[in-house]
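Worksheet: one structure, shown below.
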Amino acid sequence: MIKRKIYTRNLALDENIVQRWRNSDVVLLGGSAGSFQLIFRATRAFTSKLDKAVVIIIHRKRNFHSEIEEIFAGNMEIKFKEVSDKEPIKKNTVYIAPPNYHTLIEKGGYFSLDVSDDVWYSKPSIDVTFESAGDVYCERCTAILLSGANQDGAEGLLKLRGCGALTIVQDPEDAEMTQMPDAAILINAAEYVLSSTDILQLLKT
């Protein structure tokens, strides 16, 4: 019989989650189908007082021109940009993983872009970024996995939880596509399962 860890679900944000959020140096937001609107709203929650780097990993069509950067960047209080290879990671900046590459976080505090095979049919893969962040930030990381139509991100979130990161999953009852949140909950990767409203509230805290 598998012994499952306990997670906190849909309760008012407690002191533990708020303090660990405030102590984080980096925030990872991963999602796929059904996550765009929530990620867009999340970027509007970030102010110049954030004092963290934010990395968005969202499944994107390969070799397809997208205006997602222009959509996200408009009317933001802090800088928004697409990740570049070997770029230093800076606080008060929102980064988005580019299409056709996996985005990794390196121990020197910079990004690297990788062209290896797709993971869960995706490049960028959420798992790849989450797992690399676990080697660098551990307890100084908050990772949030949102709506999506496959299991990408679950294993990476589990690694992050194992090294002390704050790991959050969107409540499947609140998600447009439940496969991604369900996969993370099934393997005990989620320490907190929150509604989209509570996620946004935390990001504004």
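The values are calculated or read from the model by the stated rules, or taken from the named source; none is laboratory data. A quick note: this is a predicted structure, and the numbers were derived from the prediction, not measured. Positions of Cβ are backbone-derived with ideal geometry, glycine not excepted, and every protein chain shown enters the neighbour counts. Just the protein is used for accessible areas: all its heavy atoms, side chains included, with ligands, DNA and RNA removed. Shrake-Rupley method; radii C 1.70, N 1.55, O 1.52, S 1.80 Å.
Could you check how many residues of segment 39-54 are assigned to a strand (DSSP E or B) and at pLDDT below 95?
0
How many of the residues making up segment 95-135 are free of Cβ contacts under 8 Å to residues at least 60 places away in the same chain, at negative phi, surrounded by fewer than 24 Cβ atoms within 10 Å (Cβ to Cβ) and in a loop (DSSP other than H, G, I, E, B)?
Here the count works out to 10.
Can G162 be described as out of contact with any strand residue (DSSP E or B) (no Cβ under 9 Å at 6 or more places or on another chain), over 29 Å from N75 (Cα atoms) and not hydrophobic (A, V, I, L, M, F, W, C)?
Yes, satisfied.
Taking E77, is it over 17 Å from I199 (Cα atoms), part of a loop (DSSP other than H, G, I, E, B) and open to solvent by 80 Å² or more (accessible area, probe 1.4 Å)?
Considered against the rule, which asks whether it is over 17 Å from I199 (Cα atoms), part of a loop (DSSP other than H, G, I, E, B) and open to solvent by 80 Å² or more (accessible area, probe 1.4 Å), E77 comes out as yes.
K90: farther than 25 Å from A33 by Cα and either modelled with pLDDT of 95 or more or not in a loop (DSSP other than H, G, I, E, B) (or both), yes or no?
yes
Starting from residues that are in contact with a strand residue (DSSP E or B) (Cβ under 7 Å, 6 or more places away or on another chain), modelled with pLDDT of 75 or more and not β-branched (V, I, T), keep the ones in segment 58-72 and report whichever is farthest from R44 (Cα to Cα).
H59
So which residues in segment 93-127 are touching a helix residue (DSSP H, G or I) at 6+ places or on another chain (Cβ under 7 Å) and aliphatic (A, V, I, L, M)?
V94, I96, A97, L104, I105, V119, I126
Report the residue count in segment 162-186 for those that are in contact (Cβ under 8 Å) with a residue 60 or more places away in the chain and not aliphatic (A, V, I, L, M).
3
Please identify the pairs in which a residue from segment 187-205 that is within 17 Å of L38 (Cα to Cα) has its Cβ atom under 6 Å from the Cβ atom of a residue that is among the small types (G, A, S) and part of a loop (DSSP other than H, G, I, E, B), counting only partners at least 6 apart or on another chain.
L200/A45; L203/A45; K204/A45
Here's the yes/no breakdown for (1) basic (K, R); (2) farther than 24 Å from L200 by Cβ:
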{"residue": "T93", "(1), (2)": "no, no"}
{"residue": "G109", "(1), (2)": "no, yes"}
{"residue": "K123", "(1), (2)": "yes, yes"}
{"residue": "Q170", "(1), (2)": "no, no"}
